[in-house]
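Reading through the structure tokens given below for one structure.
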Amino acid sequence: MNVVFEDPPAKFVITPNTPVRQIWISALSTSFKLDWSEAEGNFVLEKTGERLKPLVGRLVNEQLGEEAVTLT
């Protein structure tokens with residue numbers, strides 16, 4: 001999935017990597033690899049413990065420069 005921003009211009013790419021049970025996100029000049037957690041029942045970024053939707057919401061808000069999106 002691609003999320004395209006007009007102002008300021010940017011593109012986030014969210015891609016499943018099914019063989020290794022990961023979701024990869026390219027956003028804000030950074031790559032994020034989220035692993036499937038059986039315990040959480042969700043994809044989780046190991047470094048911060050963030051689940052997929054809250055992480056995407058945070059990245060979108062950082063791009064927009066305001067708290068405009070909440071994903072739960």
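The values are calculated or read from the model by the stated rules, or taken from the named source; none is laboratory data. A quick note: this is a predicted structure, and the numbers were derived from the prediction, not measured. Note: ideal-geometry Cβ built from the backbone for every residue, glycine included; neighbour counts use all protein chains shown. Ligands, DNA and RNA are excluded from the accessible area calculation, which covers all protein heavy atoms including side chains. Shrake-Rupley method; radii C 1.70, N 1.55, O 1.52, S 1.80 Å.
Only residues in region 46-66 that are over 17 Å from Gln22 (Cβ atoms) and assigned to a helix (DSSP H, G or I) count as the first member; pair them with residues that are open to solvent by less than 40 Å² (accessible area, probe 1.4 Å) and of a type in the set (Gly, Ala, Ser), Cβ under 6 angstrom, at least 6 apart or cross-chain, and list the lot.
Gln63/Ala10
Of all residues in region 13-31, which are within 20 Å of Asn2 (Cβ to Cβ) and free of Cβ contacts under 8 Å to residues at least 24 places away in the same chain? Working first, answer last.
Let us first name the residues in region 13-31 that are within 20 Å of Asn2 (Cβ to Cβ), namely 13-18, 22-31.
Matches in region 13-31: Val13, Thr15, Pro16, Asn17, Thr18, Gln22, Trp24, Ser26, Ser29, Thr30, Ser31.
Go through region 1-45 and give me each residue that's of a type in the set (A, V, I, L, M, F, W, C) and assigned to a helix (DSSP H, G or I).
If the condition is that a residue be of a type in the set (A, V, I, L, M, F, W, C) and assigned to a helix (DSSP H, G or I), then Val20 is the only one that fits.
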